1. Of the conditions (1) in a helix (DSSP H, G or I); (2) touching a strand residue (DSSP E or B) at 6+ places or on another chain (Cβ under 6 Å), F269 fails just one. Which one is it?
2. Is it the case that T280 is modelled with pLDDT under 95, of a type in the set (S, T, Y) and in the same structural domain as A382 (by TED's automatic domain parsing)?
3. Tell me whether region 153-170 contains one or more residues that are out of contact with any strand residue (DSSP E or B) (no Cβ under 9 Å at 6 or more places or on another chain) and of a type in the set (D, E, K, R).
4. Output the number of residues of region 316-328 satisfying the condition of being surrounded by fewer than 24 Cβ atoms within 10 Å (Cβ to Cβ) and within 17 Å of I80 (Cα to Cα).
5. I want to confirm something. Restricting to region 183-198 and keeping residues that are in a helix (DSSP H, G or I), at pLDDT 95 or above and touching a Leu at 6+ places or on another chain (Cβ under 9 Å), which single residue is surrounded by the most Cβ atoms within 10 Å (Cβ to Cβ)?
6. For residues that are aliphatic (A, V, I, L, M) and within 16 Å of D111 (Cα to Cα), tally how many sit in region 51-77.
7. When region 323-342 is examined, which residues are found to be of a type outside the set (D, E, K, R) and out of contact with any helix residue (DSSP H, G or I) (no Cβ under 7 Å at 6 or more places or on another chain)?
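The values are calculated or read from the model by the stated rules, or taken from the named source; none is laboratory data. Since the structure is predicted, the reported quantities are computational estimates derived from the model, not experimental observations. Glycine also receives a Cβ, built like all others from the backbone with ideal geometry; neighbour counts cover every protein chain displayed.
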Amino acid sequence: MTLSGMFKGFPLKAAALCALALTGGFLSQAQAQDGDIRLGIVSPNTGSNARYGSFALRGAQLAVEEINSAGGINGKKIKIFSGDSQCTPVEGVSATQRLIQEDKVGFIIGDICSSVTLAMQPIVENAKVLLVNAASSNPAITYKAGVGGFKWTYRNYPTDEVRSLVVLDYATKQKNFTKFAVLSVDSDYGRGAINFTKKYLERFKSEIISEDYYKDGEVDFRSVLAKIKNSGAQAIIMYGLADTTPIIARQMVETGLAGKIPLIGNGEFNAPATIKAAPTALNGAIEAAAWLPGWDTPRSKEFVKKFETAYKGETPNNHAYSHWETVHLIAATMKAANSTDGEKVRDAMAKIKFDSAVGPITFDDHNQALVPMILLEIEGGAPSIKGAFVGSIDYPKN
């Protein structure tokens, strides 16, 4: 089924106008007049990040089909309505408003892009529509949620801060690294991840002794790698671009760093093409992921099989999984609440214990899922999964 075919026939403006005529402008936010549970998905469906939006929508649709074929929620079927954010806050806000005002959704999953989710939060708060984020990783989203202010925002996804903490925890406790060099992308993501790492250095009695950032498109890292080689660093913390990692890895071989100082962080170290570019440099690299297709649990393997069957053999990515799992989480919370009323589901989510493919999920008082991250290390030219770990972060004091 193509993505366009997937949503063909879903009622959009016509249903909204009809509803307005019959109700004077208001419907139950959680369900349409026909009794369906209306679920909005805000994701980048066009633009440079459309590929990720496509995976997100297909993962969500697969979960909806599974739930509906099993009888739905108390006999009610879930119906998806899609909004295109284009990964920009302005478009994301417009899509959110249309979903709420015209399509009368009572629940929204979104967005992949953190800037969009941050812009959505006051919109759903004002409308009292439950937002469950399945892919944005900026910690500010849940700094501001729950006891932080926004009661209608939850997140079922680990944050950049959790990733940084889990990686540092493993590197210090399992590898006994205490001295680190930094070589990260010069962006909010790259610098943010390093700032989060610095936040926890004292907890693990470790230090950063060299700190450098690179621009998108940069190709020569030999001088900074030579500096790192002589710095006394035991590992290089890198939160970077997937296309740049192979370049850095090859130059690590040239400068004699390969096999001596490993990379840790996140830069698609586990991608086959990256490892192939410079296997000796990638050996020992440590990375944390929200989910991997190779994660060996019955639920994870079942999801991969169903996705590949539904979408002509295509392997799901992390966004497909996270949206699939989040739809199931929302459905499980409705069942626990014995209701599809938005406020009752919101309150029930705070108490839910949900068994995901990665591990049990509960929420803290900032409505952030305490969801495990998968830790992997490159060994012998292939990713070796070391387990799933939960990071306990320190929230900013108001």
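1. So F269 meets the others, but not (1).
2. No.
3. yes
4. Counting residues in region 316-328 that are surrounded by fewer than 24 Cβ atoms within 10 Å (Cβ to Cβ) and within 17 Å of I80 (Cα to Cα) gives 1.
5. T197
6. Final tally of qualifying residues: 3.
7. Across region 323-342, the qualifying residues are T326, L329, I330, A332, N338, G342.
To keep it simple, each residue is scored yes or no on (1) closer than 20 Å to A369 by Cα; (2) under 21 Å from the mean Cα position of the chain (by Cα); (3) at pLDDT 95 or above.
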residue	(1), (2), (3)
G284	no, no, yes
A289	yes, yes, no
W295	yes, yes, no
R299	yes, yes, yes
